[in-house]
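Working notes, structure below.
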Amino acid sequence: MVDRLSDTQHYFFVGRIAERKLLREALRGQRLPFFVLYLYGPGGVGKTSLLGEYASMCAELGVESRIIDGRNVDPSPEAFLVALQQAMGLAVAENPLDAIASRSDRIVLLIDIYENLATCDDWLWREFLPQLPENALVVIASRQPPSPTWRANPGWSSILYVLSPRDLDPAESRDYLRLRRVPESQHQAVLDVTFGHPLALSLVADAIAQRGDIEFAPEATPGVVKALLEQFVQKVPGPAHRSSLEACSLVRVMTESLLAAMLRNDEVHDIFDWLRNLSFIEFRRGGLSLHDQAREALAADLRWRNPDWYAELTRRARDYYLAHLENAPEQTQQRLLLDYIYLHRGNAVVRPYFEWRTSGSMLTDGMRLADLPTRLAMVAEHEGRKFARLADFWFTNQPESVLIIGNSQGEAIGFLMALDLRPAGPADLDADPALRRGKRYLDLHAPLRPGERDTFFSFWMAKDTYQDVSPIQSLISVHIVRYVLTTPEVAFTFIPCAKPDFWLPIFTYTEMSRLPEVDFEVGGCAYGVYRHDWRVTPPVIWLAHLAERETAAGLEVAPSRGKSLIVLGQAEFGKAVRDALRLLPYPDRLLGGPLLRSRLVVTEVGHDSTEAERVQKLTELVCKSAESLRASARTEKFIRALDLTYLHPAATQEAAARSTM
């Protein structure tokens, strides 16, 4: 299958004469004239196709080539080396650099989608490339040009060749259209719209292959990819095919089962096969993915043209992820939550705070004793030695609260600690200002009830980027959500931040309130704290609130519908129950009572229920609880008292007294 796809791509490849000549002459020479060929240009200009053609040329010349796809590699040196090791077919114990150095013949390493590996750029130029032998040629394809640091470096300038592929010229464009069997009569109209943009030409060819009667006019809008996609979607074989493309534009990865759920159609096998054969569909780990430009164009067009359908498809995807989340294994939960969060990528508030290109290949595990020095070194580097001493204490006393994030080689690259405040004694609180302030706040404003848990995410960081936006930070965010959704007893959470003002918009969006009275300082470093009371807004209601603003485009956080739940202390709850018993014969007087906004009632009837529905449910719950007292002879006297006093009051006090004897 791979060979067949490669042959097909080679057959339809046109133009790029200068680029092909450059590589051919370099590989035929006695010595390589350069060791790094850097290709850059916008998405859709044909960089990936050119790398595929380079691989075919290497095969023709008898030169071994290996390709690394940046979409499938976490942006870390360790993950890159593992990807290279796998591409070369080496055993786990073999070092790819040693394997390359031991060769006497040439090898070409093709690195595609290099912009996904931006955080590795410094390492690649300083450490990886200098270790390669002179028989190795590296070809890099990226949307971004190489850093000026390396282009201006005298050592690199002589062995680095930078090339920016352009759109195809008219003759090359016509050659491509002929190969795709586009009628000659339409060539000029197509060129007037596409201007030789490779992806646009490919989209036109796909559209005409579906419906040969499509006519393209020069008056098309300048946003050619968007215009072509809009026209293409209108000319697909049927409405289900059009809906399948729209569904693909909203999700990170499309699978056949997800497509069936989003289209409400169990028979989508043929449609899924149709999708996988489109030129702007890419194969990714776990499913299909739209080309970035195609995805954004389709999603933007759908949102503008039919916002209700956009919202409905998003809701169906969200429901699919949540339905599979509860009973899934941990790694599957991680992927499902990544997919769930991806639905928010179009929201202007969320977009800057998440690394949308994370591949999901990072691993998570509990802490082992051997991990301790690495964790302490991370804390000491980013938060100082005093905080590291606190971390040492908590790592030792609550090791089960630590989640380690590792790369594919098992090396720790980040971690999250979810401290349980309940077992912390006075001495522990005196030593830790963060927990001391958090505990004091809870005692004064939101005391825990029996069985409830408060959690302080005291430590969360990436090894290299600390708390900055990164793939590791994004995965930490995923696991905080996972913790809340899978820990039934969690009542209150605190999240400290080294840069609280930076995180304010996204925490406001996710209903995490700023709590200045719990801010603290350790070793001269100040931290701001955010909090959420999960008794007031339980996870299921919280998810519903996020869903309301999921497709909102503006920066303002949409207000949540309905009133929040309230948390009653033991004394307040007792008074509310006595008041409810007293007013039970008068349902209209129960309206507005605190029990109607308690979790006891709302979880039974739903947070969108009316006051009348809540009154009815409260009445049922009170009567049911009272009736349960009849099960024991010891409590039967109490039910008679309740019955005569509140449920079926006696006409006189004397009658009530006689009934309880």
**OP:** Would you mind ranking R151, R318 by Cβ crowding within 10 Å, fewest neighbours first?
**Re:** R151, R318
**OP:** Please label the shape of region 286-334 as rounded, prolate or oblate, based on the square roots a ≥ b ≥ c of the eigenvalues of the alpha-carbon gyration tensor (a/c under 1.5 means rounded; beyond that, a/b larger than b/c means prolate, else oblate).
**Re:** oblate
Subject >> Among L109, F35, P75 the positive-end extreme of the charge dipole of region 2-163 (Cβ point charges) >> reply: F35
**OP:** Let me know the shape class of region 2-163, please: from the alpha-carbon gyration tensor, a ≥ b ≥ c as square roots of the eigenvalues, rounded when a/c is under 1.5, otherwise prolate if a/b is greater than b/c, or oblate.
**Re:** rounded
Original post:
Based on the Kirkwood radius over alpha-carbon pairs, what is the Stokes-Einstein translational diffusion coefficient of region 392-474 at 37 °C with 0.692 mPa s viscosity, in µm²/s?
Top reply: 230 µm²/s
Subject >> Neighbourhood net charge (12 Å Cβ-Cβ; Lys/Arg +1, Asp/Glu -1) for L50 >> reply: +1
**OP:** Please give every one of the aspartates and glutamates within straight-line cross-link reach of K463, meaning a C-alpha to C-alpha distance under 18 Å, and leave out same-chain neighbours fewer than 8 residues apart.
**Re:** D74, E78, D121, D122, E355, D365, D371, E381, E383, D392, E411
**OP:** Net charge near T487: determine it from the other residues with C-beta under 12 Å of the C-beta of T487, scoring Lys and Arg +1 and Asp and Glu -1.
**Re:** -2
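Return D105, D319 ranked ascending by Cβ neighbour count within 10 Å, so the fewest neighbours appear first.
Fewest to most other Cβ atoms nearby, the residues stand as D105, D319.
With a 10 Å Cβ neighbour count serving as the proxy for reagent exposure, in which order, fewest first, do R28, R316 appear?
By the 10 Å Cβ count, ascending, the order reads R28, R316.
In the structure shown, do any of K21/K47; K47/K499; K439/K624 have a Cα-Cα gap over 27 Å, and if so which?
K47/K499; K439/K624
All of the numbers you see were taken from the coordinates with simple rules; none came from a lab. Everything numeric in this text was worked out from a predicted model, so none of it was measured. Every residue, glycine as well, gets a Cβ built from its backbone with ideal geometry; the counts of neighbours run over all protein chains shown.
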